[in-house]
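K.L.:
Before anything else, here's the structure in question.
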Amino acid sequence: MMKLLKLIVLITSIGLLTAFTLKSVDTGYRIGESIEDFSLMNIDETMVSLADYEDAKGFIIVFTCNTCPYSVANEDRIIALDKKYKTQGFPVIAINPNDPFVVPDDSFEKMKVRVQEKGFTFPYLLDVGQKVYPKFGATKTPEVYIVTQNDLKVQYIGAIDNSSRDANKVTEKYVENAVAALLAGKKIKKTKTSAIGCSIKK
């Protein structure tokens, strides 16, 4: 009887642990869910929110940083996305989620330098206190979330394209395909891909 009781307790404990683990892994916004707006400081020291973009149709929100080699390899592609789609209603909003105390080269001052070096055409915001990226469930830099403006619903999550380091080897442009579908009023064929990059430093 005692052995049976111990077995029941063990099975129950494993079940609870498994449930907790699955729940903790499955965090952040899902496709079709509405996000909360945020207010973060841009490198020009103004606060930026999605509500500021009254004429936008949606947003290409990119979690990126100064230091990750994958982010650096995608900077020109992010600039190109903004230049192509900002005038069509889908501007890029870049957010640096890293803790600058852990990675000094991702500090606010270093972000300003990076913007000047690369000529970013979009806001580059610092997630002060790291309060925004966990809500999204972002884990990598770079990682993209495409959101529509009218309902703030997530339409796409993942990588920019299928070549994380070499732009010359891209054969499928996930973000471009998704935005093009939204602009055409069509369904996005691939709503989620695996973001490949550096882990967010916290």
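K.L.:
Subtracting the Cα-Cα distance from 0.36 nm times the residue separation, let me have the gained length for Val113 to Gln130 in nm, one decimal.
P.N.:
4.0 nm
K.L.:
For Ser163, Ser194, what's the largest-to-smallest order of accessible area, 1.4 Å probe?
P.N.:
Output order, biggest surface exposure first: Ser194, Ser163.
K.L.:
Please label the shape of segment 131-197 as rounded, prolate or oblate, based on the square roots a ≥ b ≥ c of the eigenvalues of the alpha-carbon gyration tensor (a/c under 1.5 means rounded; beyond that, a/b larger than b/c means prolate, else oblate).
P.N.:
Verdict is oblate for segment 131-197.
K.L.:
Roll a 1.4 Å probe over the protein chains and send me the accessible area per residue for the chain in Å².
P.N.:
Accessible area per residue: 56 Å².
K.L.:
Restricting to DSSP H runs of at least four residues, report the calculated mean residue ellipticity at 222 nm for the chain, -39500 (n - 2.57) per run over all residues, nearest 500 deg cm²/dmol.
P.N.:
-10500 deg cm²/dmol
K.L.:
Taking GluC sites (Glu not before Pro) that fall in a DSSP loop and have at most 16 other Cβ atoms within 10 Å as cut points, what is the longest piece of the chain between them?
P.N.:
55-171
K.L.:
Let a ≥ b ≥ c be the square roots of the eigenvalues of the Cα gyration tensor of segment 37-126; is it rounded (a/c under 1.5), or, if not, prolate (a/b larger than b/c) or oblate?
P.N.:
Taking the square roots of the gyration eigenvalues as a ≥ b ≥ c, segment 37-126 is oblate.
K.L.:
I need to check one value: relative contact order of the chain, counting alpha carbon pairs closer than 8 Å and at least 6 residues apart, in percent.
P.N.:
Averaging sequence separation for qualifying contacts and normalising by length gives 26 percent for the chain.
K.L.:
Could you tell me how many degrees, from 0 to 90 and to the nearest 10, lie between the Cα long axis of helix 174-183 and the main elongation axis, the longest principal axis, of the Cα atoms of the chain?
P.N.:
70 degrees
K.L.:
Right, next: Which shape class applies to segment 83-153: rounded if a/c is under 1.5, otherwise prolate when a/b exceeds b/c and oblate if not, where a ≥ b ≥ c are the square roots of the Cα gyration tensor eigenvalues?
P.N.:
Judged from the Cα gyration tensor, segment 83-153 comes out oblate (a/c at least 1.5, b/c at or above a/b).
K.L.:
Cα axis of helix 108-118 to longest principal axis of the chain: angle in degrees, 0 to 90, nearest 10?
P.N.:
So the inclination is approximately 50 degrees.
K.L.:
Okay, next question. So I have [x] 18.0; [y] 10.7; [z] 14.3, and one of them is mean projected area of the Cα convex hull in nm² calculated from this model. Which one is it?
P.N.:
From the options [x] 18.0; [y] 10.7; [z] 14.3, the structure gives [z].
K.L.:
Something else about it: For segment 58-185, what % of the accessible area comes from carbon and sulfur atoms, probe 1.4 Å?
P.N.:
For segment 58-185, the apolar C and S fraction of the accessible surface comes to 51 percent.
K.L.:
Next up: Which angle between 0 and 90 degrees, to the nearest 10, do you get for helix 2-25 versus the longest principal axis of the chain when only C-alpha atoms count?
P.N.:
10 degrees
The values are calculated or read from the model by the stated rules, or taken from the named source; none is laboratory data. The structure displayed is predicted, hence computed values, not measured ones. Glycine also receives a Cβ, built like all others from the backbone with ideal geometry; neighbour counts cover every protein chain displayed. Please note that ligands, DNA and RNA were not included when accessible areas were found on the heavy atoms of the full protein model with its side chains. Shrake-Rupley method; radii C 1.70, N 1.55, O 1.52, S 1.80 Å.
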